[in-house]
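See structure below.
Since every read-out is calculated from the coordinates, none of them should be taken as a lab result. As the structure is a prediction and not an experimental result, all values here were calculated from the model. A quick note on method: Cβ atoms are made from the backbone with ideal geometry, for glycine too, and the neighbour counts reach across all protein chains shown.
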Amino acid sequence: VMKATEAKLLDFLKKSPQFVIPIYQRTYSWTEKEVRQLWDDILRAGQNDDISAHFMGSVVYVEKGLYSISAQSPLLVIDGQQRLTTVSLLIAALASAIGEGEPIEGFSPRKLRNYYLLNPEEEGERHFKLILSQTDKASLISILKDAPQPKEHSIRITENLKLFQALLVGQKEDLETVCKGIAKLMVVDISLDRDQDNPQLIFESMNSTGRELSQADLIRNFILMCLESELQTRLYERYWRPMELAFGQEAYTTHFDGFMRHYLTVRTGEIPKMGEVYDAFKKHARSSSVANAGVESLLAELHAYAGHFCAMALGTEEDSELDRAFHDLRELKVDVAYPLLLELYHDYQSQILSREDFLKAVRTIESYVFRRAVCAIPTNSMNKMFANMGKTLKKDRYLERLEAAFLLLPSYRRFPKDDEFKRELKIKDLYNFRSRSYWLRRLENHGRKERVPVDEYTIEHILPQCDNDPEKVPTVWREELGDDWENVWETYRHTLGNLTLTGYNSEYANRS
């Protein structure tokens, strides 16, 4: 069944007709850090005759892909995409950097391209040794054809090619070392039999060198990997790809795992740990109600909730009033509220909750979080509170019941009432408050039709802060404040009554 052999990377590339990255695999994601690590390994191996080989990890592929078996059947890569792509970028950059020569036997530009990057006698897509997916595919093909990049190009592919080009310029007096180093790269060549091996189990257990698989990668592969080819492509293009596009190349890597965690919290009532999102998802997907409804309905629901999340967390909301409310929440940094917000948004989309009431609900959550921050109530109980509030709500008089639920919260989860909030607001150090731009903008623009763009101003202390050093408080201020000046200065300098917005900060200095 599974065959594993050690091979020189270059021999492995030369003998393989074509590697295809399946549609459901994550896109190319190596950053400068991983690329430089590989470059350093190559130079070290190339400079040192005692190092006979540098091991790069494994390349795992299914021999009989989703294709009819012709004499030259493409290999479907299950693991190793990142390394194959990075080495292809390096070889492409090296072939250009060498120019006319052949630093060591077998490393002429023509041989580099025709052995390791191209199938010179083949036409169309079969002309290329490595076929990536999504935006990566067009970007790599443009590089191999020496054509301009498409408008929607892959950020990581183009950046890493540029990095290799720059590194090769720095090494141009000694390209021989680079060639020797590449010649010493080794991989474990692992071929699977589609009928007998379970690619998903193998995919889960492998996380060789490079960037760790995100929980989202594991989830996507779990959903799509074992489906029949046509269904796999249709579901991927209809549901998963639009989610990746909605998040965008950069945010997909940083936000998607967080979104999955909030989604599972809404659906299961349990908050999975960050590294256990995939396990929680598998359990959810295998629960009888979800499994009976089928893969497509699960993907359709995920897609819908991802849309809600992007609207709230990534600023894609089209309704301007709602967008402003979400923007305010983002500035307060209340990620813990997303499970409740996702449920509210879903009910708003399903017309169980009116737009007006939804807007009020979002503003209520904002008020709850801000008041608690001003009243210095610890936040550690908030995630459980937000995870469970939607579960217990009766949705007939939706907003009323939500507001009642907030008002009935016990002491350490309480919604601070007006008198407590007023008292604390006067004495709170609001200058060093973590969301300073938030409260400034909200208080300054409350109830105004002519909005003040507060980010164009700076905060001026009326009674000066003097680098927080009482020795520096000018005499004129000490006289104004009387005998107890130091205590007054200590207590009030960062409070609301002593802060104002101005464009004249530098002219004012510490004058009275």
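Sort 406-413, 26-33, 387-394 for me by packing, meaning the mean count of neighbouring Cβ atoms within 10 Å per residue, highest on top.
In decreasing order of mean packing, 406-413, 26-33, 387-394 become 26-33, 387-394, 406-413.
Can you sort Trp485, Trp39 from fewest to most other Cβ atoms within 10 Å of each residue's own Cβ?
Ascending Cβ contact count within 10 Å gives the list Trp485, Trp39.
Based on the alpha-carbon gyration tensor of the range 3-211, what equivalent-ellipsoid semi-axes (square roots of 5 times the eigenvalues) come out, in whole Å, largest first?
Square roots of five times the eigenvalues give 26, 20, 17 Å.
Report the far tail of the P(r) of the range 451-508, meaning the percent of Cα-Cα pairs longer than 20 Å.
29 percent
Kirkwood hydrodynamic radius, computed over distinct alpha-carbon pairs, for the range 69-113: how many Å, to one decimal?
In the range 69-113 this quantity evaluates to 12.4 Å.
With the calculation restricted to Cα positions, what are the radius of gyration and Dmax of the range 238-422 in angstrom?
Reported Rg and Dmax, both Å: 16.6, 53.
Would you mind checking Lys111/Lys145; Lys111/Lys184; Lys273/Lys333; Lys137/Lys282; Lys3/Lys137; Lys273/Lys384 for any pair whose Cα atoms are more than 21 angstrom apart?
Among Lys111/Lys145; Lys111/Lys184; Lys273/Lys333; Lys137/Lys282; Lys3/Lys137; Lys273/Lys384, the Cα-Cα distance tops 21 Å for Lys137/Lys282; Lys3/Lys137.
If you take every DSSP beta bridge fully contained in the chain, what fraction is antiparallel? Give it as a percent rounded to 5.
55 percent
For a Förster distance of 56 Å, can you work out the FRET efficiency between the beta-carbons of Asp429 and Gln165, rounded to the nearest 0.05?
It comes out at approximately 0.65.
Could you work out how far apart the two model spin labels at Glu444 and Lys8 are, taking each label as a point 7 Å from the Cα in the direction of the beta carbon, and quote it in nm?
A separation of 6.6 nm, rounded to one decimal place.
In the range 280-364, how does Rg compare with the Kirkwood Rh, expressed as the Rg/Rh ratio over alpha carbon atoms?
Reported Rg/Rh, Kirkwood definition of Rh: 1.03.
If you take the charge dipole of the range 382-512 about its Cα centre, with +1 on Lys and Arg Cβ and -1 on Asp and Glu Cβ, which of Ser435, Ala387, Phe421 is farthest toward its positive end?
The residue sitting most towards the positive pole is Ala387.
List the DSSP H helices in the chain whose Cα atoms stretch 15 Å or more along the helix axis and whose mean Kyte-Doolittle hydropathy is at least -1.0.
Span-like helices, by this rule, are 81-98, 134-145, 155-170, 241-268, 295-313, 320-332, 338-349, 355-374, 382-392.
What do you get for Rg/Rh of the range 252-314 when both radii come from the Cα atoms and Rh is the Kirkwood radius?
Rounded to two decimals, Rg/Rh equals 0.96.
Which FRET efficiency value, to the nearest 0.05, is calculated for Ser73 and Asp455 with the Förster distance at 51 angstrom and r the Cβ-Cβ distance?
Step by step, r from the Cβ atoms, then E = 0.30.
Report D for the range 354-483 in µm² per second (integer): Stokes-Einstein, Kirkwood Rh on Cα pairs, 25 °C, 0.890 mPa s.
Rounded, D is 137 µm²/s.
With only alpha-carbon pairs counted, each pair once and no self-pairs, how large is the Kirkwood hydrodynamic radius of the range 149-197 in angstroms?
Result for the range 149-197, one decimal place: 14.4 Å.
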